[in-house]
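A short worksheet on the structure shown next.
Coordinate-derived values only; no laboratory data. From a predicted model like this one, the values you see are computed outputs, not experimental measurements. Neighbour counts run over all protein chains shown; Cβ positions are idealised from the backbone, glycine included.
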Amino acid sequence: MKQFSYVRVTSGKAAISELSKDKTAMFLAGGTNLVDLMKSGVTNPERLVDITRVPLATIEATKTGLRIGALAKNTAVAEHPLVLKHFPLLSQALNAGASPQLRNMATVGGNMMQRTRCHYFYDTALPCNKRNPGSGCGAIGGFSRMHAIFGASDKCIAVHPSDMCVALTALDAVITVTGAKGERKISFGEFHRLPGDTPEIDNTLQRGELITAVDIPFNDALQQTHYLKVRDRASYAFALVSAGVALSLKGNNIADVRIAMGGVAHKPWRLKEAEAYLKGKPATEEHFREAARLTMAQAKAEEGNAYKLTLAPNTIVEALKLAAANGNI
Amino acid sequence: MKDDQLMNEEHSGTSRRSFLKRTSLMTAMALAPETVIKAAEKGLDEKIAATIETMPLNVTINGVKQSVRIEPRVTLLDLLRERLQLTGTKKGCDHGQCGACTVHIDGERVNACLTLAVTTEGRDVTTIEGLAKGDELHPMQEAFLEHDGFQCGYCTPGQIMSAICCIREGHADTPDEIREYMSGNICRCGAYSNIVDAIMDVKQGGKKV
Amino acid sequence: MGTDKKSEPLNRVDGRAKVTGKAKYFAEFEVPGVTYCVLVTSAITRGTINTINTKDAERAPGVLAVFTHLNMPVIPGWANPANPNAKPPSGGEKYQILGSNKILFNGQPIALVIADTLERAQYAASLVKATYNKATHQTDLLKNTEKAAMPGRFGDYSRGDNKEAHKTAPVTLEADYTVPVEVHNPMELAGILAIWEGEDKVTVYAKTQGVKATQRTLAGAFKLEEKNVSVHSEFVGGGFGMGLRTWPQEVAVVAAARQLKKPVKLVMTREQMFNLVGHRPYTIQRISMGANKDGQLQGIYHEATAETASYDDFTEGTVAMTRFMYACPNVTTKYRIVPLDRGVPIWMRGPGEATGAFALESAIDEMAHKVNMDPVEFRVKNFTLTDPEKNKPFSSNNLKKAYQLGSEKIGWSKRNATPGAVKDGEWLVGYGMSTGVFGAHRGESTCRAQLNADGTLVLQSATSDIGPGTSTAMVQIAHEVTGLPIKQIRFELGDAALPPSGSQGGSATVSSVGSAVYDACMALKGVLADAGLTFEDGAVKPAAGKSAGLPQVLAASNKQFFEITKSSKGGPEQQKYSMYSFSIHFAEVRVHPLTGVVRVKRVVTVADSGRIVSPKTAASQMIGGVTGGIGMALMEEGVIDHRFGRMVNKNLGDYHVPVSADVPHIETIFIDEPDPYSNPMGSKGMGEIALIGFSAAVANAVYNATGKRIRELPITPDKILSA
């Protein structure tokens, strides 16, 4: 790892000011991804601004929803009574990610900022447009088993690895960021971006901005939830495909529904078309299947991830079934 | 000095000197006379350079206050193993993918390999060496012994540190729950079945962990 | 011993050191002035290094040296080989680490960077930049099968009159099976710590499965007397075969330490362990099988083609099991290797047989279905008490009992023979079983026994413990021979200066070293008898008619202790009988049809491995092997991007090994019948059979659950969905 200077701050203002002192400076929160990337030589900041002691870890109810501080640890969020009560999907998604140790370290903001786990991105001896723009995409025509079927470009087919973000996308969360120019809000679905011609840019956060909080609007009708994560081993693995569903049933009719997927795109993938289709319809497998079919119309696969064209719709159907039954896989 | 010049110098490979100029020099001013800085800048004296590139760290490890100077890039794991000879904490992957380095920071289990040591300033760290009281083993250590919850023993300290928290966190009510909440600790010898038994035993024994 | 008496389950004698963190593994010895070595490895797969820039690394803080092919100190024992023009068996270039600018495989070391701290060495290593002249590489076995050659060690085998019986029998099948690259991945990172005392004496702390083997390798490389090479390896954090060689980069570190006149420590990265310490070779297999309608096997043809390195032949007994496992009159086996531009493979737990058993035991299941027979019955029908390959009786073979016990325990009678017929909610339920086998080997081994005046017994042998619990088993054997309490017996290992033993591999340690311990303890009885003493009631007592106790007798003869050293090896019975250890695995699985997820829900594993010397650690061996088998069956695969010749998933996040959530409760059953001929304890090996065959049990269970026959490991969700 390259040497870097380190400064510990205790306020958001100081954090932003310290970051501005070096073009390569980065915020250090849980470190579970950043330190790993630094060890791998993928990210080489010369200055780290340790924000872990900035008081941004509060989880509290507001009038309209739940506000989660950006530095709240994944474990703290997953086990918080208000999260369990109002947003069980978020808790389920968090607990499906990483390991207990990593969840004790990782923060909400850091989870959003984590970078793809694409092998070609991590291996500095291999081409990757995200790590080294213009060098090519190793995954295209290569080992693409983990890769995107939605919204990919000919520059990058990487996926965003987060489970938490899938839930927050489904739950219409809003992100608050602060920078030198003040505060702004970003709807969760617009935070992460598609790769297009600039896969090196993961999201719409501007240089110098600090994520301070995530707000999730209350929608207590959406009580039937399921986060289904399909992976190569039973725990401690990234998703091949995951689906988060929050559902409101009136009798057997779908009053309201939110669906998002992980492991399928450069960003958490919200299924608005499927949601619109399902609203008002009976919660039957046939309708779930049709919702999945509508979603898959946009899908495109490489040879290595062609199986996701079957797995993804099946996962949607299964997650909907389980949410409707409030069962567990 | 302009940034682009620095970048050029970087690429020509004198990154340490540029690093010193850019970042540590200002902090070093307060500590060192100019001649020392000049020497460091020219890379003439590694010892001086080393001092400038390090930071003080005060951390309590197994109840003992440690004051050291370390580079910010040193992980807690390497600090323990290479500087403090606390080699009970193991390096299995160095990337947060195996759990062999599990320690407690302020009572919570974390991966020491992804924890920069400087971030533990003022914290309480517990490692496997901090569990037994003299000859009296911690109940979890006893249970691992009794249930043969290990073979080669290399992942064992991490498993035990994790297992203690698994109970403390309230995630040890059923074997399946233990399996899920112990999945951050890989055991390649495959002692999982016995580890689950050991944890169930401690949990049911009701001893304080 | 060698009787029907069962051994007591014993906690590990070195367990306390392991649970307290006091057990010291090679990298953990505190050595004043130690320096840190980091490897820089090749980014290309074949070609030559054009330029290598080490200047930036050399100027980086704390750096002591950067060694490349341009300045690597000569390793004297390698410098002038007996036949300098000799080509490796595969006909490729010779691989000598940092010996030339040639690149023979991706991830090959191209520089050693040594600095005063680990962080500085790591950073400096990142500054070493090479340019290459790339040559075309070949890493894909499937595209290089025309290079397949018969290795000297494993010739073709054939028996029977009807060479075509596998094609002409009333019922036939033909199928291809694939086992991918698998990587041992012991939890401890590999490496070495070398400390020279002058030019001709060196001490190393090593991660090795054989301290004597490491001593021989280093003595040869540096032209030293063996006694001047101290090798310490008391605790080894797993090996599974990767520690059976002292790897070139480890020898290079020893050379660097000599040149620098400083202690040097290398701890490889996990990533490097995917390329530089061997792997289970990618192997494709074809099995053709013929049987009568009543299930009697008529012919088996088994051909395996495996990768090796261009610079070294690696072979293993992949097709061996097919030759003797079943009473089949006509059997042909062929084994071929294909040299590729890859690092050399090495034996991995259940070497050869684990790969072969996946194919054979899947095919047996397929044939059982074809003839409408229960797979257990099918195996019983084709059971043989005589090894049909060697035409010798098995020294012991309790497979029939094992089939019965295992079937009862798992509830095999509940199994529905129709695939896909049983559901548990949305999950499909399936049962499968398989057989595993591995040679019951016994090598020569030596043990020194020292009985002290206080009644403590110290036993010494230069063997290893990579996890099975060697010391515990040895103490148990000594306890059973002498009757001395466990606490009074200590076993010392992991030091090349101790009496010689073989490496820990091939499930032979208890049989080999245990026999030496047994013989030494028996001999000690003789020594005591001569001195008028005897072991009685857990203590050393005066023999009948004598009055002087151990301390008095020792004092009278001016001795501190009694000692005796015994060498031990198998006798003629080793030639008379065919000796194998057997296992039967039963697995109950759930398959989720929509997502393709497979979970192993229950396992019963039966070991027919002679008398069980150390029941507690033996049970752990079995559950450990099964856990490895779950990995092999469901998730383990080293993936190479052949465009680059480079492994892409070379870390524990992407190369999946089982975690706790993958592993159900595993029930182990021991036949625990002494083998009359294997060794004085009546034991047979256990480490390999615990894993061998298990992947087939899972594949067979998946077939029973779904009707889908997966012949390519691992059985991941995508394969279930596409089948």
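Quick notes on this structure:
- Extension gain from A:Asn44 to A:Thr124, taking 0.36 nm per residue of separation minus the Cα-Cα distance: 27.6 nm
- Selected from C:Pro339, C:Met433, C:Pro500, residue furthest toward positive end of dipole (chain C; charges at beta carbon): C:Pro339
- Taking other C-beta atoms within 10 Å as the exposure proxy, B:Arg123, C:Arg153 rank C:Arg153, B:Arg123 from fewest upward.
- Region A:224-325: radius of gyration and largest Cα-Cα distance (Dmax), Å: 13.1, 42
- For B:Glu146 and C:Gln574, the FRET efficiency from 1/(1 + (r/R0)^6), where r spans their Cβ atoms and R0 equals 51 Å, is about 0.85.
- Among A:Ala25, A:Ala125, A:Ala76, residue whose mean-square fluctuation peaks in a GNM of chain A (springs only between Cα atoms under 10 Å): A:Ala125
- Around the Cα centre of region B:55-130, unit charges on the Cβ atoms of Lys, Arg, Asp and Glu (plus for the first two, minus for the last two) sum to a dipole of about 140 debye.
- Here the Karplus relation 6.51 cos²θ - 1.76 cosθ + 1.60, evaluated at θ = phi - 60°, turns the backbone of region A:293-307 into coupling constants of 4, 4, 4, 6, 4, 8, 7, 8, 10, 8, 4, x, 10, 4, 4 Hz, with x for every Gly and Pro.
- Here r is the Cβ-Cβ distance between C:Thr136 and C:Thr168 and R0 is 51 Å; the resulting FRET efficiency, rounded to 0.05, is 0.70.
- FRET efficiency, 1/(1 + (r/R0)^6) with R0 22 Å, evaluated for C:Asp156 and C:Lys87 via beta carbons: 0.40
- The mean sequence separation of alpha-carbon pairs under 8 Å and at least six residues apart, normalised by the residue count of chain C, gives a relative contact order of 17 percent.
- For A:Phe4, distant residues with modelled amide H under 5 Å away: B:Arg73
- Pair C:Glu197, C:Glu377: separation of 7 Å Cα→Cβ label points (nm): 7.0 nm
- Counting other Cβ atoms within 10 Å as a rough exposure proxy, the listed residues A:Cys118, B:Cys165, B:Cys187 run B:Cys165, A:Cys118, B:Cys187 from fewest neighbours to most.
- Region C:329-419 shape via C-alpha gyration tensor axes, a/c threshold 1.5: prolate
- For region C:54-108 versus region B:101-155, the inter-centroid distance based on Cα atoms is 41 Å.
- Cα-based helix-to-principal-axis angle, A:308-325 vs chain A, degrees rounded to 10: 70 degrees
- Here's how it looks for C:Ala309: its modeled amide H is under 5 Å from those of C:Phe314, C:Leu340, which are all 5 or more places away or on a different chain.
- Using the Karplus relation 6.51 cos²θ - 1.76 cosθ + 1.60 with θ = phi - 60°, the per-residue 3J(HN,Hα) values for region B:203-209 come to 4, 6, x, x, 5, 5, 10 Hz, with x marking Gly and Pro.
- Positive-end ranking of A:Val108, B:Gly122, C:Pro351 along the dipole of the protein assembly as shown, with charges on Cβ about the Cα centre, is headed by A:Val108.
- When both bridge partners sit in region C:443-569, DSSP labels roughly 75% of those beta bridges antiparallel.
- Alpha-carbon centroids, region C:116-169 and region B:164-209: separation in whole Å: 41 Å
- Rg ratio for the protein assembly as shown: its Cα radius of gyration over 2.2 N^0.38 Å, N being its residue count, equals 0.93.
- Coupling constants for region A:130-138 follow from the phi torsions by the Karplus curve (6.51 cos²θ - 1.76 cosθ + 1.60, θ = phi - 60°), and in residue order they are 6, 7, 9, x, x, 7, x, 9, x Hz; glycine and proline get x.
- Straight-line cross-link partners of C:Lys576 among the aspartates and glutamates, defined as a Cα under 14 Å from its Cα and at least 8 positions apart when in the same chain: C:Asp387, C:Glu389, C:Asp675.
- Exceedance of the 27 Å cut-off in Cα-Cα distance is limited, within the set A:Lys229/C:Lys601; C:Lys525/C:Lys559; C:Lys541/C:Lys569; C:Lys227/C:Lys650, to C:Lys541/C:Lys569; C:Lys227/C:Lys650.
- For a straight C-alpha distance cut-off of 17 angstrom, the aspartates and glutamates reachable from C:Lys212 (same-chain residues fewer than eight places away being disregarded) are C:Glu225, C:Glu226, C:Glu234, C:Glu250, C:Glu444, C:Asp465, C:Glu492, C:Asp495.
- Region A:44-121 and region C:181-214 have Cα centres separated by 42 Å.
- Choice from A:Met38, A:Met26, A:Met261 with maximal GNM fluctuation in chain A (Cα, 10 Å cutoff): A:Met38
- Members of B:Lys133/C:Lys22; C:Lys24/C:Lys566; A:Lys85/B:Lys203; C:Lys167/C:Lys370 lying beyond 20 Å, as alpha-carbon distances in this model show: C:Lys24/C:Lys566; A:Lys85/B:Lys203
- Placing +1 on the Cβ of every Lys and Arg and -1 on the Cβ of every Asp and Glu, with no other charges, gives region A:190-329 a dipole of roughly 300 debye about its Cα centre.
- Region C:443-569 shape via C-alpha gyration tensor axes, a/c threshold 1.5: prolate
- Averaging the sequence gap over all C-alpha pairs within less than 8 Å and six or more residues apart, then dividing by the number of residues, gives region A:5-53 a relative contact order of 57 percent.
- Prolate/oblate/rounded call for chain A, Cα gyration tensor, a/c under 1.5 rounded: oblate
- Under the convention that each Lys and Arg Cβ holds +1 and each Asp and Glu Cβ holds -1, the size of the dipole of the protein assembly as shown around its Cα centre is about 1240 debye.
- Mean Cα-pair separation over length for region C:443-569, i.e. relative contact order, pairs under 8 Å, 6 or more apart, %: 37 percent
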